[in-house]
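The values are calculated or read from the model by the stated rules, or taken from the named source; none is laboratory data. Please read these numbers as outputs of a predicted model, since none were measured by experiment. Here the Cβ is made from the backbone with ideal geometry for all residues, glycine too, and neighbour counts use every protein chain on show.
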Amino acid sequence: MDNAKILERLESLEALIEKTEPDIPNEDHLFSLHSIQTQVNIEWMRGIVTGNSNHDQDSIRIKIIEIMKDSNRIWGIRNKIKSGEWDNLEMLEVEDTIKDLLSQNQKINAIKYYRQYMHDELKVNMGLRQAKDTIDAIGEGRTVDLSIGYQ
């Protein structure tokens with residue numbers, strides 16, 4: 001794929017993120033992680049397109065693949081927000097983090113992250129078994145309400 005085309009698609013993602021950002025930032029983040037990551041990716045791709053980069057072709061290809069995977073994940077989430085299928089951005093980011101950890105074969109870290117999130121943010125002491133079942137369900141592509149876990 002043409003690098004300029006990739007940059008164009010990243011800019012489309014940026015527009016979708018802007019449309020689906022909450023009107024009022026939450027108390028922890030002024031900018032969403034999706035917005036920040038997409039801005040970083042756009043800036044990096046602009047450097048490649050304009051020739052202002054001194055990376056070798058192999059590292060460029062590897063980074064572009066990472067950007068494309070990352071962008072696909074964000075695109076899917078943001079389209080679910082746009083369609084009204086999902087409305088809680090915080091829980092989407094939790095699910096996104098879990099899926100990211102699972103994609104890196106870090107299931108134990110995904111379970112730890114989820115349990116910690118439930119304890120710190122929702123004041124719920126999630127048992128290890130329920131957390132594992134929830135992470136397994138997400139890994140299998142099942143729909144899960146993360147605020148209560150897999151039942």
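Could you list all residues from segment 127-151 that are in contact with a helix residue (DSSP H, G or I) (Cβ under 8 Å, 6 or more places away or on another chain), at pLDDT below 90 and of a type in the set (A, V, I, L, M)?
V144, L146
From the list D100, D145, D96, D120, which residue is outside the structural domain of N26 (by TED's automatic domain parsing), within 27 Å of L30 (Cα to Cα) and not in a helix (DSSP H, G or I)?
D145
What's the number of the only condition in (1) over 13 Å from the mean Cα position of the chain (by Cα); (2) assigned to a helix (DSSP H, G or I); (3) under 26 Å from K132 (Cα atoms); (4) not small (G, A, S) that R46 fails to meet?
(3) is the only condition that R46 fails.
Across segment 1-39, which residue is modelled with the lowest pLDDT among those that are closer than 22 Å to I60 by Cα and of a type in the set (D, E, K, R)?
It comes out as D2.
Quick check on segment 107-143: of everything there that is touching a residue at least 24 places away in the same chain (Cβ under 8 Å) and aliphatic (A, V, I, L, M), which residue is nearest to I77 (Cα to Cα)?
I138
Could you tell me which of the residues N105, N54, N79, N41 is surrounded by fewer than 16 Cβ atoms within 10 Å (Cβ to Cβ) and within 23 Å of R9 (Cβ to Cβ)?
Matching residue, one of N105, N54, N79, N41: N79.
Which one of R115, R73, R78 is more than 27 Å from D133 (Cβ to Cβ), among the basic types (K, R) and assigned to a helix (DSSP H, G or I)?
After ruling out the rest, the residue left standing is R78.
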